[in-house]
Structures are given as C-alpha cells and as structure tokens.
1. Filter the stretch 97-113 down to residues that are buried (at least 19 other Cβ atoms within 10 Å of the Cβ) and of a type in the set (A, V, I, L, M) and give me whichever is nearest to residue 14 (Cα to Cα).
2. In this structure, does residue 434 turn out to be modelled with pLDDT of 95 or more and buried (at least 23 other Cβ atoms within 10 Å of the Cβ)?
3. Any residue at all in the stretch 673-685 that is in contact with a Phe, Trp or Tyr (Cβ under 6 Å, 6 or more places away or on another chain), over 26 Å from residue 837 (Cβ atoms) and of a type in the set (Val, Ile, Thr)?
4. Find the helices (runs of 4 or more DSSP H) located wholly in the stretch 493-604 whose residues include 3 or more that are touching a Phe, Trp or Tyr at 6+ places or on another chain (Cβ under 9 Å) and closer than 30 Å to residue 214 by Cβ, and list them.
5. Only residues that are within 38 Å of the chain's Cα centre (by Cα) and open to solvent by less than 10 Å² (accessible area, probe 1.4 Å): list them for the stretch 229-248, please.
6. Considering each of 303, 317, 333 in turn, give the residue that is closer than 19 Å to residue 356 by Cβ and touching a strand residue (DSSP E or B) at 6+ places or on another chain (Cβ under 6 Å).
7. Hey, any hits in the stretch 321-337 for a residue that's under 25 Å from residue 407 (Cα atoms) and without any contact (Cβ under 8 Å) to a residue 60 or more places away in the chain?
Amino acid sequence: MKYDFVAIEKKWQQRWQDSKAFAAVTGDKSRPKWYGLVEFPYPSAAGLHVGHPRPYTAMDVVARKKRMDGYNVLLPMGYDAFGLPTENFAIKNHIHPAIVTRQNIENFTRQLHMLGYSFDWDRVIDTTDPNYYKWTQWIFLQLFKHGLAYKTTMPVNWCTSCKCVLANEEVVEGVCERCGSEVVRKEKSQWMLKITEYAQKLIDGLDSVDFIERVKTQQRNWIGRSTGAEVNFNTTEGDVLRVYTTRCDTLFGATYMVIAPEHAYVTKWKDKLNNYDEVEAYVRKAASKSDFERTELAKEKTGVRLDGVAAINPVNGKEIPIFISDYVLATYGTGAIMAVPAHDTRDFEFAKVFDLPIIQVVASAEGALVDLEHEAFTDVETGVMVNSGFITGMSVEEAKKAMITWLEKEGIGCAKVNYKLRDWVFSRQRYWGEPIPIVKCEKCGFVPLPESELPLLLPEVESYETTDDGESPLSAMTDWVNTTCPCCGGPAQRETDTMPQWAGSSWYFLRYMDPHNPDALASKEALDYWGQVDWYNGGMEHTTLHLLYSRFWNNFLYDIGVVPHAEPYAKRTSHGMILGKNPHYVGFAETEEEKQALIAKYGNEALRPAVKMSKSLGNVVNPDDVIKAYGADTMRLYIMFIGDFEKTATWSDEAVKGCKRFLDRVWNLQEKAAPGEDYSEANVAAIHKAILKVSEDIEAMKFNTAIATLMALTNDFYANGCTVADLKALVLMLSPFASHMCEEMWENLGGEGMICHQKWPEYDESKTVASEVEVAVQVAGKLRASIKVPASIDDAGAVAAALADYKIQKQAEGKTLVKQIVVRGKDQNIKLVNLIFKPAK
C-alpha cells in the first residue's frame, strides 16, 4: 500500500475545512480553554519562506496535543498587511496596495492550508480591513483622550530612501532597518505615544509572566531603569543646568559639563559666546547625524567649548567649562551631563582631546590612587571616596546616600529614577497605513473624530509617492484633508500622517477572540473567557519592538477597563533561525588555492558552512518545492527535527529525505500490525516510556527529541512486531507532527472519528521507570557530546538521538554522515556512538 501523500493531504485538508475541525468555542465551560498564538505574518509577494513554518508548526504541534488533552483550543491566524514593502511595490508597479495585499494574502492562505495547520480559519483578521482598523483608530482615540498621544516638534530619524520617520528601534547602526539606507536627523512635527508613562509597569509586569529569561532581559535593558539623582549646576549667566546622574557620589570629580548641540541655552547664550560662529557650525553638523551615530562609543570625540559661559560645580563652587558635543542628546535625560573623566571612559577620552583636568574621587577598597595618564579607573562600583570633601573616606554606597541627603538639604538636587525608554514616534509620512483620526482646528487645536465616524477610511490617491518635503501623499488630497471641526463646526484639516505598521500588531491577539464584532474590539464575554494568551511564540527580533508595544497597549486597555488582564501573554518563547548552506564555504573547495580565493573574496563569511538564506546566494528554500517533492507531513516533521527549537539550525536536503523515509516506515507498519486491542508484551514498556517522553518533550519544545523517541519506538516495532493497539499508540503520538498521514492511518486502522479529536494516550507510571544510560558521542573519534537515552534503545535509535543533539548538529553542518559505530558494554547497554562525516558536495 503506497503512501500517496498528495491525495492523502488534499483529502484531509478538505475534511478539516468542511467540518470546521479546529473551531474554537467562546464560552465553552465544559473544557479548560487554551489560547496559543504565533506572530501573524506580513504577507509579502514572495510568499512563505521556511522561516515561517518553524514557529507555526511548533505551535500547531502543541495545539493539536492540547486538543487531545481535552482543551478548548484557540489557535488563530491573520495578516499584518499594512507597511512599506507593499506600498513600494505599488509605486513601482502602478497598482493599488489593496490589490497587492489581497493577492498576497490569497497566496499565503493557500500555503498555510497546504501545510495542514489547525488554525481556526473563521477568525482570520487583516489589519488593512476597515472593520479591523476601525478599532485600531478607536484605541488611538482613547490614548489621545487620556493624554498618552500628543503631537510635538522634535528631531527625528529620517530615512533618506523610504522618506519617512523611523522609531529609534528601527535604526540599526545608523541605517534604516528595512532598506539599509542612510538615516539622518530632521526636525519634524510628530505624533507620539507616551509609553514612558508605563515604563515601570512594563518592568514590574515581567515578574508575573513566564517569558524565557533572555526575553525578559532584553525588555528590561531596553526600558533601562536606573536610580540616581538630579543635580542643579548654576552658570555664570544665572541659568541653571540640571543633570541626571547615577553617580552623584563623584560630583567632586566633575571637571566640565557637556550639553546637547540642540540645547535651548545654546541659542539663549548666543550674544554671550565669543565663538558663536564655531558653535553654530558644529550644531549644523550634528543635525546631519542619527542618534545612533552620535552615541557610538568608538567614534572620535568632537565638541566645541562655549567661550563666555561656564558652569559652577555645586559641591566646591569651582567654575568648570561647558562644551557642546554630539554624543549628548537633547531628547535623552535633561540634554546635559556632568563629566567625571577619571572614572568614565568616554569622559576620559574627551578630556584628553581638550586637555581638561582629571581628578580621581573613587579609589579601590584599600584607598590606593591610580595612574590616570592612559585610561580611566572604571572599577568604581565598590571602593572608597578620595578627594571628595565631606564624603572622603566613605564607601561608594554610603557616599551616594550622603550626597543625596546633602543635595536635598541644600535645595539643589534630589533622588531620581530614570529610564532609557523614549516615547514612541507614531507618525509615518506614507499612504499605506491607518489614517490618524484627528483634525486640527485653528480655534480648538487637535480634536478627535467622534467615535461614530470610525473607521476613517483611506481615500483613493493618484500617487503613493511621499512628497519631497517629507509629507504624506494624503496631504495632496485637499478634498479629503479639508473638513469641519467636530467641536466648533469651523474649518479644519485632517491629520495626513498615518500610523506605523506596529499599530495593527499591538492588539491583534484581542481581536482574534471576537473577530466579527461590529460594536467593540471584542465582547466582554470573549475577553473574559479567553483572558491572557496562554502561550505566545515569536522571533527574538521582536522582543524590543512589537512585544514592548503590545504590552503597553494592553496595560493601557486594562487601566481603562477594556480588558481583564494587564499583561497580554502568560508565556512567551522564541525560536532560532533556519540557515541555508553557504555556497562560498571553504569546505566545498577542493584545493588550497580555491580556499584562499574564497576567503579573499568573501572574508569571514567563507568560513561559515551555513548563512542566512538569501536570493543572491541561491540558498532560499521554498516550502512549495519541499511539499511537492516530499509532502507537507515530511516538511512539518523535518522542521521540528532539524535541531533545538530555540537555536539556529541549518537546512539539509538529505535530512529531509531521511524524514520522508521514516514516515514511509511508519506507513508500512499497517501491513505488519497483528490484530489486537492491547499493547503487545514486547512493546508495552517502550510504548509507555514513549508516551511520557513525547508528552514532556512537546511541552518543553524539545520537538527533535520527541521525534527521535518515536523513531526509536518504530524501530522497536520492526524488531518485535506490533499489534494494531501498538500502532495506534504510535500514530496518536505522531499525529501532531505528521497530521495528514496519521489521520489516514487512524481511519485505516478502524479508529473512530478524526485522530485530531481523540484522547492523547495515557501512560502507566509503573511502566515508565526505565533506567536511562548516558552515551558518549564522538565525531571522528573525538568526544563531542554526552546524551541520555533509554537503556532499551537500539543502535539506530541511539544514532538518531546523537544526531538530534545540538552540539553534534553543529559538528555536522555542511557534512554528510558516512559511517556510524555503536559500542555496547558488558551489560549490553550502549556506551558509545562514534559518527564519521565528510564534507557534503
């Protein structure tokens, strides 16, 4: 009986769709609820790539098992469809972005169905649907009404290619994250969201959720909470410069000050400065740089002294010079810093350039002074104070407290908590985004549209091009722009900026709960029933953008009584990227001359056997091609077997074929299974151990070792024979991974209903207490890893487990397995697996 995956997969995809097999039921109190979430995709013209199926398949595996465990499962899918790529495609090809979006969504949907995912397809959302973005606009209005959305003129990051403003998070090493073009600073009127008001809540909320630790760390670091003091420095002009410092204990070592080139005092002191022309030229030069360029630690230190005005150190009354330098930002802190060059590397380098005094004020615990000729002394978290007046001799911690007490007593400073987090730039000067539902009236100022007028629809425009002065294409639509004020009825103009792509993705998980509700973003019943997302999986690249923004919006909606939980996600996990083979890898070269030529041309990249997939390298894997050749179940199985889910893995065509061979072996067991409603004596222990192991591994995202266990069980069945009951147990456990084939096998074996609705097999604890053995894994005779496997495992199972180990997979990158040696001890337990590889051709 041939395994005809084409016919089988088409058959079961249609059955699942016709029977609505995966529909979630809001309000079902007979079962516990479970809400699993994957990051919805941006529907690009290229369609799915293999990076999509990895997280989608993983959450589908978990969701299918949860259904079999008796849960009412919500596993939804949708499309994050606003954004620059679609708009740029529309501009280039003279086609409306809505048409492009619709075509791309149709292709994505086809591919997702083809992979057999158990999404509830009646809950699909599209962020460009007016019925969806009506509620995105509604949330913006609530933010505006609560003082959390405001418009201000500020220096912004301007992408010279996209012709739009970027959030700080979208600028990477001075270039646009999307297109790689230069980012410059520009003054522009922007809508902002006051995410800084929620900085502490966003930190505190992390204590109540089950996020992997590196995600929590990235969130905390991005928010950047610090404790310190604000200190007032008088100036010779009578103005006060206020600085924030985490090290007020080092005030006696402050020998100069630096203010941002954009600081208001630069203009105010114009007539007092003897070198204003030099200052003005530096200000213009700084304006052409992005924040990231300006704050780069390794860059050359530049600045101009303000000749004519000085500051006064409040602790000793000494006059100290004031400089402007581009490494100080007007938008961060107070736009001014005190510099302690003896104990800060950047201040030290600046002081050396401008020949400024360097005074040590912190010594080691022994009180020893250090040589400050060549570098700053930065090991100052502990130690004692020196050269510091009334705090000399105190420990660092004692000195901080004493200094804050003194500052507060003198009325020139106070304790202060500060955050690195900046308010969210929420404007985009583009067409393809949600219109901002605000009008500007000369009499009333900024006025929100009445909620009854939502959604404010995007008008048709002749050109999607951003204007040369950086205004949105909507600004040219005068008939749409000119309107009446909802407050006074006078003439007004609509806001022509649109929302960023992050807007629609900041609340989409809520709309899935009740996607067709015309009267609210979701009903109270649905919000109360589904509550928090129980498990959210997504990429590490979104932990400082989407994850932070969506937590902010949800916290706000909780505060105004819309949602029942402050934190949207109870659990958050992340997955590793799938890499492609590097065609320029030196391991593929046959001669030393060829190797050196590759290194000369491609540098360090030539030393890596696997790299990020790209069209230019010709190593992109299209899921359609894999499914056509081997079937969706093989694709699903391989993508879960490829390696540790949380780590980077390398695509291997040979390993894909190996997974197809495994499925063929399972399929062929139908012809070997003997009648029997009970587990066979020969396999009963292995089956119970497998049930326990696979159950635990799925919950722990150890999908590769779960599959290795099923491979070992299959080997047992071939060695020992199996009954129909044995085979049913195997098929039930395999069904979350290879769903189509297992549905067909379940039907062939006389199972009732669909396998996706069956109960997950139970294990008997007394039959799972199998001793495990530790097996050494060598590669070419050198110890590379150690793994634990069941004592009863056979040679093939041990080899499979060894190959599933992350360390071994790293060793195997770019290579083909040519020989395996399994060594058993006197007790017949496996002691050693030795693997021999050779470079793949």
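The values are calculated or read from the model by the stated rules, or taken from the named source; none is laboratory data. In this text the structure is predicted, and so the values were computed from the model without any measurement. For neighbour counting, all protein chains shown are included, and Cβ atoms are generated from backbone atoms with ideal geometry for every residue, glycine included. Note: accessible area is taken over every heavy atom of the protein model, side chains too, but ligands, DNA and RNA are not part of it. Shrake-Rupley method; radii C 1.70, N 1.55, O 1.52, S 1.80 Å.
1. Once the filter is applied, the top-ranked residue is 112.
2. Working: modelled with pLDDT of 95 or more: yes; buried (at least 23 other Cβ atoms within 10 Å of the Cβ): yes.
Considered against the rule, which asks whether it is modelled with pLDDT of 95 or more and buried (at least 23 other Cβ atoms within 10 Å of the Cβ), residue 434 comes out as yes.
3. No, there is no match, as no residue in the stretch 673-685 is in contact with a Phe, Trp or Tyr (Cβ under 6 Å, 6 or more places away or on another chain), over 26 Å from residue 837 (Cβ atoms) and of a type in the set (Val, Ile, Thr).
4. On the way: elements: 502-505, 508-511, 524-530, 546-559, 592-602.
Helices (runs of 4 or more DSSP H) meeting the threshold: 502-505, 508-511, 546-559.
5. Quick first cut of the stretch 229-248, residues within 38 Å of the chain's Cα centre (by Cα) only: 229-231, 242-248.
Across the stretch 229-248, the qualifying residues are 229, 231, 243, 248.
6. Matching residue, one of 303, 317, 333: 303.
7. no
The rows are residues; the columns are (1) open to solvent by less than 20 Å² (accessible area, probe 1.4 Å); (2) at pLDDT below 95.
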position	(1), (2)
193	yes, no
207	no, no
213	no, yes
257	yes, no
275	no, no
279	yes, no
283	no, yes
289	no, yes
292	no, yes
